[in-house]
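Trainee: This is the structure, below, for whatever I ask next.
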Amino acid sequence: MRTRKIGRRTLLATGTAGMLAAPWVAGAQAKTLRIGMQSILSGPIALLGTSSRNALQMEAERINAAGGFLGRPIEFVYRDSKGQPQEAARVARELVNSTGCELLIDAEASSGSFAVQEVVRDLGVACIHTNSETSSLTADPKIRVPTAFRVARQGVHDAIAGSTYLAKFATDKKISKWATCSPDYAYGRDTTAQYLEFFKRAKPDIEVVTQAWPKLGQADLTEVITKLIQAKPQALFTLLYAGDLSAFVNQGNVYALFSQMTVASPNFDYPVLTAIKNLPTGIQSATRYLETFPDNPGNKAWGEAYRKKFNEYPTNWSWQNTVAMQFYEAAVKKANSLDGKALAAALTGMKINTPFGVDGTITMRDDHTTINYAIGWGQTVPKPPYITDVKPADWGRIVELETEWKKEQHYI
Amino acid sequence: MRRHPALRDALIAAIALVVLLLIPAFHRSPAFEDYVIRVSAMALFATSLNLLVGGAGMVSFGHGMFYGLGAYAFALLMQMTDLSLPVAALAAIAITAVGALLVGAVCIRLGTIYFAFVTLAMQMLFFSIIISWQSLTGGDQGLRGGIPRRELFGFELGSQLHLYQFCAVVMVLGLLAMRHIAASPFGATLRMIRDNETRAGFLGVVLWRARLTAFVLAGAFAGLGGVLAALFVSGAYPELADWPNSGQAIFAVMLGGIDTFLGPLVGTMILLALNDIVTRVTEYHGLVLGLVILAFALGLRRGLLDFLRLRRKGAKA
């Protein structure tokens, strides 16, 4: 009986203490600033989401150690959209309306980011797209949204930088006969056409001798490889990526494809480079992310810290998410607010110092997309750093040709 | 009551609608409102599928094609013309009905398994058309740029509350209409065909005509669901017309119950609630969902409402 009485009292006391403490606990919770992050975190392209999330985790630690945003510690709420646009729209609304997120990081791929864009248009919250490379998301004024921004590479920038580099390379090496091999859907066909268009503008005498369109995720590429070899091109341009690209190189090695033509692709990044068994020397490749380019201590230290923490190489998506948080950090400080409109005003035209910029800075242009990020082309070597002799792209030229392209699309 | 089943249905529908419309007056919950909006699209879709599966014994694996067609037709009409919202919605449903007529004309004479596979093949064909006809549909990026949500009798469908009210009304009316179809002599004819098509044929029923009518009606209601889905995402995306979406509707029907009219609605509610809760907690949502479906299939051996109804019957007997 005695013990029971004490038990009740203890309960009463704890309960009262709890009730008294409750407002404090609740207060502490409300002080934390929640940032919603959505991406594809399951299925075959989960690396998109997980390598984005890793980078954001590192950023949260860094920012919280420095006092958070407006004196409030930040906390990410991660959600998986499974890559379905209707789910992406739902998740974005849930993050803001029910979970209480005050800022959004949209790390979705293409169609998901367009669905999120429309939600942001309705809600008026600040949002940074970190993984969608489709140019129209920000370039088309009909699709652009006042409070949504993109911190990521953009298709048209890569196409201009790549074709300019390859035109010079082809002139130097006297290569005129080209073949292409890209995935058979909108990205592959559109972007190949875009590269070829800029390529022909820079070097009108090139000739495309054959074009191959393997299906996405096609396991056996024999037919494609033999078709390419039989056409006897001097060089091959490919937009295959991720697992398809490493499969292509591994199977191409069997047919000695790489000794019969020069291969060029913008899509060799760490996950691909490390998945290839015998990486041939001399593939012309862009750097989506490389620890050694831009060659500065900040970039190197970040890449090493990431590898140490997660035991894998960072991806292109990792640096993009990192820079997005650097932009948020600077904008929140400048606007002294989390309001969508105030942040949009602060972000527009903002220039920040970051090791991922080609000259140590990246600018958020008036059309809500970033410029001056690192784009370089070099050639592969079988061992780390995997891509050497990297030549940075000329951003003046990129912006000039991009403006022409925008006029042709009637965006401006 | 027995003598006026239509009246009883209308009464239940009216009560459900009033309750749904009153909830935001007492408590505004954006998550709940989004949930109801999504349930309305999916419930119309799943119930229309059950008109075929439960009502006529025609198991279609390609029903998502009409959901997608409704969404694309509506979104394109809103983007490319100045039609008012209800006119565009009705036109989208009409387009879906024509689509269903064409597909149905090819499929409905086939036996169960072949019917299932040919409908699936048709859906894949439709999906490929969406992906390849980029100039119209935007290809795999989807139809971007948002749907202009023109005002409708003072309703601004960009506002969540108004979209919620609109979807609640459309869902209740749509379900009521399908209930009438299922309870009509035509519905009875379909069930007769399902149970014994030879006998139905001998009684003078033109089998293909009844089946085709059912197929077109089901397609049209799926298209209506697609219109609501397009309004929710403010666009149309190929995933809406892809086969996993047909699978979702089949899951909803299985979870809720095939032989009870409201089964697919209940199944949809379970499916979406599960999705919302489980994705918040884990990335292994597919695993959890699979286990739940297994539990239903092996444990209850039927959908929830069918199970409850049979138990009640068993208790009475």
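Trainee: Of B:G257, B:G290, B:G235, which residue is facing another protein chain (nearest Cβ under 9 Å) and of a type in the set (G, A, S)?
Mentor: B:G235
Condition check ((1) in contact (Cβ under 8 Å) with a residue 60 or more places away in the chain; (2) crowded, with 22+ Cβ neighbours inside 10 Å; (3) hydroxyl-bearing (S, T, Y)) across all residues:
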{"site": "B:W133", "(1), (2), (3)": "no, no, no"}
{"site": "B:L136", "(1), (2), (3)": "yes, no, no"}
{"site": "B:D140", "(1), (2), (3)": "yes, no, no"}
{"site": "B:L152", "(1), (2), (3)": "yes, no, no"}
{"site": "B:L157", "(1), (2), (3)": "yes, no, no"}
{"site": "B:L161", "(1), (2), (3)": "yes, no, no"}
{"site": "B:L175", "(1), (2), (3)": "yes, yes, no"}
{"site": "B:R199", "(1), (2), (3)": "no, no, no"}
{"site": "B:F215", "(1), (2), (3)": "yes, yes, no"}
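Trainee: Among residues belonging to the stretch B:261-273 that are more than 13 Å from chain A (Cβ to nearest Cβ) and part of a helix (DSSP H, G or I), point out the one that is farthest from the chain's Cα centre (by Cα). Explain how you work it out, then say what you get.
Mentor: Restricting attention to the stretch B:261-273, the residues satisfying the condition of being more than 13 Å from chain A (Cβ to nearest Cβ) are B:261-270.
Restricting the remaining residues to those that are part of a helix (DSSP H, G or I) gives B:263-270.
Details: B:G263: 12, B:P264: 8, B:L265: 9, B:V266: 12, B:G267: 11, B:T268: 9, B:M269: 12, B:I270: 15 Å.
Filtering first and then ranking leaves B:I270.
Trainee: Something else now. Please state which one of A:A193, A:A179 is more than 15 Å from A:A247 (Cβ to Cβ), more than 14 Å from chain B (Cβ to nearest Cβ) and hydrophobic (A, V, I, L, M, F, W, C).
Mentor: Matching residue, one of A:A193, A:A179: A:A179.
Trainee: Could I ask something else about it? Hey, can you tell me all the residues within the stretch A:165-188 that are within 21 Å of A:R153 (Cα to Cα) and either surrounded by 19 or more Cβ atoms within 10 Å (Cβ to Cβ) or free of Cβ contacts under 8 Å to residues at least 24 places away in the same chain (or both)?
Mentor: Of everything in the stretch A:165-188, those that are within 21 Å of A:R153 (Cα to Cα) and either surrounded by 19 or more Cβ atoms within 10 Å (Cβ to Cβ) or free of Cβ contacts under 8 Å to residues at least 24 places away in the same chain (or both) turn out to be A:Y165, A:L166, A:S182, A:P183, A:A186, A:Y187, A:G188.
Trainee: Follow-up question, since we're still on this one. Determine, yes or no, whether B:Q165 is under 23 Å from the mean Cα position of the chain (by Cα), under 30 Å from A:D122 (Cβ atoms) and away from chain A (no Cβ under 12 Å). Explain how you work it out, then say what you get.
Mentor: Numbers: under 23 Å from the mean Cα position of the chain (by Cα): yes; under 30 Å from A:D122 (Cβ atoms): yes; away from chain A (no Cβ under 12 Å): yes.
Yes.
Trainee: Mind counting the residues in the stretch B:274-292 that are without any contact (Cβ under 8 Å) to a residue 12 or more places away in the chain and in a helix (DSSP H, G or I)?
Mentor: Keep residues of the stretch B:274-292 that are without any contact (Cβ under 8 Å) to a residue 12 or more places away in the chain, which gives B:277-287, B:290-291.
Checking the rest, the ones that are also in a helix (DSSP H, G or I) come to B:277-281, B:285-287, B:290-291.
Count: 10.
Trainee: Tell me which strands (runs of 3 or more DSSP E) are completely within the stretch A:44-136 and hold 1 or more residues being more than 11 Å from chain B (Cβ to nearest Cβ), under 19 Å from A:S318 (Cβ atoms) and of a type in the set (G, A, S), or say none if there are none.
Mentor: Correct list: empty, since no element meets the threshold.
Trainee: Which of the numbered conditions does A:G162 fail, given that it passes all the others? Conditions: (1) buried (at least 23 other Cβ atoms within 10 Å of the Cβ); (2) in contact with a Pro (Cβ under 7 Å, 6 or more places away or on another chain); (3) not in a helix (DSSP H, G or I).
Mentor: Every condition holds for A:G162 apart from (3).
Trainee: List every residue pair whose Cβ atoms sit under 7 Å apart, with the two residues 6 or more apart in sequence or on different chains, where the first one lies in the stretch B:293-317 and is of a type in the set (D, E) and the second, anywhere, is assigned to a helix (DSSP H, G or I).
Mentor: Hits for this filter: B:D306/B:G263.
Trainee: Still on this structure, I have one more. Exactly one condition in (1) within 17 Å of the chain's Cα centre (by Cα); (2) modelled with pLDDT of 95 or more; (3) not hydroxyl-bearing (S, T, Y) is false for A:I160; which is it?
Mentor: All conditions pass for A:I160, except number (1).
Trainee: Ok, one more. Quick one: which of A:I412, A:I375 is of a type outside the set (D, E), crowded, with 20+ Cβ neighbours inside 10 Å and touching a helix residue (DSSP H, G or I) at 6+ places or on another chain (Cβ under 8 Å)?
Mentor: Of A:I412, A:I375, the one residue that is of a type outside the set (D, E), crowded, with 20+ Cβ neighbours inside 10 Å and touching a helix residue (DSSP H, G or I) at 6+ places or on another chain (Cβ under 8 Å) is A:I375.
Trainee: Same structure again: I need the full set of residues from the stretch A:254-295 which are surrounded by fewer than 15 Cβ atoms within 10 Å (Cβ to Cβ) and either over 15 Å from A:D389 (Cβ atoms) or among the basic types (K, R) (or both), in order please.
Mentor: Passing the criteria: A:V254, A:A256, A:S259, A:T274, A:K277, A:N278.
Trainee: Is it the case that the stretch A:290-301 has a residue that's modelled with pLDDT under 95 and among the basic types (K, R)?
Mentor: Taking every residue of the stretch A:290-301 in turn, none turns out to be modelled with pLDDT under 95 and among the basic types (K, R).
Results for (1) of a type outside the set (D, E, K, R); (2) closer than 30 Å to A:G83 by Cα; (3) touching a Ser or Thr at 6+ places or on another chain (Cβ under 7 Å), shown as yes or no for each residue.
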residue	(1), (2), (3)
B:W208	yes, no, no
B:P238	yes, yes, no
B:N245	yes, yes, no
B:G257	yes, yes, no
B:T268	yes, yes, no
B:I277	yes, yes, no
B:G299	yes, no, no
B:L305	yes, no, yes
B:L308	yes, no, no
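Trainee: Can you pull out the strands (runs of 3 or more DSSP E) entirely within the stretch A:205-293 that have at least 3 residues that are touching a residue at least 40 places away in the same chain (Cβ under 8 Å)?
Mentor: Passing ranges, in order: A:235-238, A:284-286.
Trainee: Does B:V59 qualify as being at negative phi, in contact with a Cys (Cβ under 8 Å, 6 or more places away or on another chain) and surrounded by fewer than 24 Cβ atoms within 10 Å (Cβ to Cβ)?
Mentor: No; evaluated as a whole, the condition is false for this residue.
Trainee: So, restricting to helices (runs of 4 or more DSSP H) that lie completely within the stretch B:38-134, which ones have at least 2 residues that are within 14 Å of another protein chain (Cβ to nearest Cβ)?
Mentor: B:64-80, B:112-132
Trainee: Further question on the same structure: Is it the case that B:V227 is touching a Gly at 6+ places or on another chain (Cβ under 6 Å), without any contact (Cβ under 8 Å) to a residue 60 or more places away in the chain and either closer than 23 Å to B:L85 by Cβ or surrounded by fewer than 22 Cβ atoms within 10 Å (Cβ to Cβ) (or both)?
Mentor: The answer is no for B:V227.
Trainee: Go through the stretch B:21-30 and count every residue that is touching a residue at least 40 places away in the same chain (Cβ under 8 Å) and assigned to a helix (DSSP H, G or I). First the steps, then the outcome.
Mentor: Initial filter on the stretch B:21-30 (touching a residue at least 40 places away in the same chain (Cβ under 8 Å)): B:21, B:24, B:28, B:30.
Keeping just the survivors that are assigned to a helix (DSSP H, G or I) gives B:21, B:24, B:30.
Total satisfying the criteria: 3.
Trainee: While we're here: Specify the residue that is farthest from A:S265 (Cα to Cα); the eligible residues are those in the stretch A:137-159 that are part of a loop (DSSP other than H, G, I, E, B), β-branched (V, I, T) and more than 10 Å from chain B (Cβ to nearest Cβ).
Mentor: This residue is A:T147.
Trainee: Between A:V96, A:V145, A:V116, A:V151, which is closer than 21 Å to A:E329 by Cα, touching a Leu at 6+ places or on another chain (Cβ under 8 Å) and at pLDDT 90 or above?
Mentor: On inspection, the qualifying residue turns out to be A:V96.
Trainee: For the stretch A:330-412, please list each of the strands (runs of 3 or more DSSP E) lying entirely inside it that holds at least 2 residues being under 19 Å from A:L166 (Cα atoms).
Mentor: Fully inside the stretch A:330-412 and qualifying: A:376-380, A:387-392.
The values are calculated or read from the model by the stated rules, or taken from the named source; none is laboratory data. The structure displayed is predicted, hence computed values, not measured ones. Here Cβ is always computed from backbone atoms with ideal geometry, including for glycine, and neighbour counts include all displayed protein chains.
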